[in-house]
Amino acid sequence: MIKIIVDSTCDLPQDIMDLYDIKMLPLRISVNGKEYIDKVTMQVDKVYDSMRSGVIPKTSQPSPADMYNLFREYCIKGYNFFYLAFSSKLSGTFQTASLIIKELKEKYSQIKMEVIDSKGGSTGTGLIALQAAKLIKDGQKFEQILKSIFDLRDHVEHIFTITDLSWLIKGGRISKAAGMIGNILDVKPILDVNDGIMEVIKKVRGKKKALSAIVDIVEERIKNFPDQIIGISHADDLKTAQTLIDAIKDKLGDKKVIINKIGSVLGSHLGIGGVGVFFFNKKPDFYVE
């Protein structure tokens, strides 16, 4: 039996997680100096509520003990498994998991286990996990699924915008001066993820133009694989997410869409109001509809 493990930076609707038995390894989040377990003892809605009151949450990787215990539990049960970790350029989770997997491989040599740097997060990782889970259900072998995961990982797109630059100022990711000027001029950065690192690829003025720019980028990058599930994630702004979905469908035709809220960890860094689109720019050799 083969299992998929993700961490709580991965965004997928819970019903899909349950349907495909995708296990979630939680990161930790600190609010007002008190530490919680992401999506377990602290739900995303409460994190966004605290952010609205001016609190800046702090995040950290999963407990190494929790990680070890989960991986070891699967080994004892005889499960082969994949762990899709948050981008190694943004967190130490992948490195920690790699050390644990190396140790466990020595003790449980009969178990096939791999940790994969997703080089991203949110619904980008979610779409990879979903497709891997479908390949498991389809009866594909461990080695083929691993190959497909790497193929999907190398061709997943993360295109998103941030509504309010104040959160990047609070988190120390841009200077206060640059952020204030950006907010005054209503500048909306368009970002993607390149080899695990978030990059600004365009700046536009106004929310409407930002969403239009995202749709244009999606149209260009999805052309080689138009018939697929598209992921839409939002930082507690369902209205904007729905506007983006409508704009994509108007331009590209009716699409299958997964929509969910960006989790606490990424939402803490991006701020309230961000919205992103996730999809593959190339059809993999093995793809289950």
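The values are calculated or read from the model by the stated rules, or taken from the named source; none is laboratory data. Being a predicted model, the structure only gives us computed values, none of them experimental. Neighbour counts run over all protein chains shown; Cβ positions are idealised from the backbone, glycine included.
Listed values, structure above:
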item	result
Failed condition for Ala97, given (1) buried (at least 18 other Cβ atoms within 10 Å of the Cβ); (2) touching a Cys at 6+ places or on another chain (Cβ under 7 Å)	(2)
Residues located in the stretch 6-39, provided they are assigned to a strand (DSSP E or B), aliphatic (A, V, I, L, M) and either within 23 Å of Met51 (Cα to Cα) or outside the structural domain of Ala85 (by TED's automatic domain parsing) (or both)	Ile29, Val31, Ile37
Residue list for the stretch 15-35, restricted to those being farther than 20 Å from Ile5 by Cα and either surrounded by 15 or more Cβ atoms within 10 Å (Cβ to Cβ) or among the small types (Gly, Ala, Ser) (or both)	Ser30, Val31, Gly33
Enumeration of residues in the stretch 250-264 that are in contact with a Lys or Arg (Cβ under 9 Å, 6 or more places away or on another chain) and farther than 22 Å from His155 by Cα	Gly263, Ser264
Residue count, the stretch 68-90 (criterion: among the basic types (Lys, Arg) and either in a loop (DSSP other than H, G, I, E, B) or touching a His at 6+ places or on another chain (Cβ under 8 Å) (or both))	1
Residues being part of a loop (DSSP other than H, G, I, E, B) and either small (Gly, Ala, Ser) or under 15 Å from Tyr83 (Cβ atoms) (or both) - total across the stretch 40-67	5
Residues within the stretch 250-265 that are part of a helix (DSSP H, G or I) and either buried (at least 24 other Cβ atoms within 10 Å of the Cβ) or touching a strand residue (DSSP E or B) at 6+ places or on another chain (Cβ under 8 Å) (or both), tallied	2
Failed criterion for Ser233 (all others in (1) modelled with pLDDT under 90; (2) surrounded by 15 or more Cβ atoms within 10 Å (Cβ to Cβ); (3) part of a strand (DSSP E or B) hold)	(1)
Which numbered condition Tyr287 misses (of (1) surrounded by 14 or more Cβ atoms within 10 Å (Cβ to Cβ); (2) within 21 Å of the chain's Cα centre (by Cα); (3) in a strand (DSSP E or B))	(3)
Residue among Leu130, Leu135 that alone is within 19 Å of the chain's Cα centre (by Cα), touching a residue at least 60 places away in the same chain (Cβ under 8 Å), over 30 Å from Lys34 (Cα atoms) and in a helix (DSSP H, G or I)	Leu130
